Amino acid sequence: MVRPYAVTRGRTRPAGDLDLVTLVVTTGKGARTGRTLPPEQRDILMLCRRPHSVAEAAVSAGLPLGTTRVLLGDLVTAGLVTAWEPPTTAPTEKLLRRVLVGLRAL
């Protein structure tokens, strides 16, 4: 068992902005890389062959969230993982009114 601060070399902030819901997926370059990386990053690359949120990656890898964010930031910087925010669109007034009508009908 390696302490999280040893895995991240004492860093506590990721390179870039990685929110809990940021989706990450291994790139083609990341799929071909692996043996030269630390085991924690290799595990994350394997997990992220399919899109995962940062939170899901942390849980699946069995690592603290902060540690996972730092490691994912390194992988994004190296071009081994792609990260993107899921689309966030606010509901329209029309949709909210329809929901309200539906709730009142209950």
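Here are the numbers:
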{"quantity": "Percent accessible area from carbon and sulfur atoms, segment 47-86, protein chains only, probe 1.4 Å", "calculated": "58 percent"}
{"quantity": "Cβ-defined net charge surrounding Val101, 13 Å radius [Lys, Arg +1; Asp, Glu -1]", "calculated": "+3"}
{"quantity": "Environment charge at Leu47 (Cβ cut-off 13 Å; Lys +1, Arg +1, Asp -1, Glu -1)", "calculated": "0"}
{"quantity": "Cα-based Rg of segment 26-106 normalised by 2.2 N^0.38 Å, two decimals", "calculated": "1.60"}
{"quantity": "Net length gained if the chain between Glu85 and Val59 were fully extended (0.36 nm per residue, minus Cα distance)", "calculated": "7.5 nm"}
{"quantity": "Charge sum, other residues only, whose C-beta stays under 10 Å from Leu37's C-beta, Lys/Arg counted +1 and Asp/Glu -1", "calculated": "-1"}
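The values are calculated or read from the model by the stated rules, or taken from the named source; none is laboratory data. Keep in mind the model is a prediction, meaning the values are calculated, not measured. Counting neighbours? That spans all protein chains shown, and the Cβs are built from the backbone with ideal geometry, glycine included. Calculation scope for accessible area: heavy atoms of the full protein, side chains included, ligands and nucleic acids excluded. Shrake-Rupley method; radii C 1.70, N 1.55, O 1.52, S 1.80 Å.
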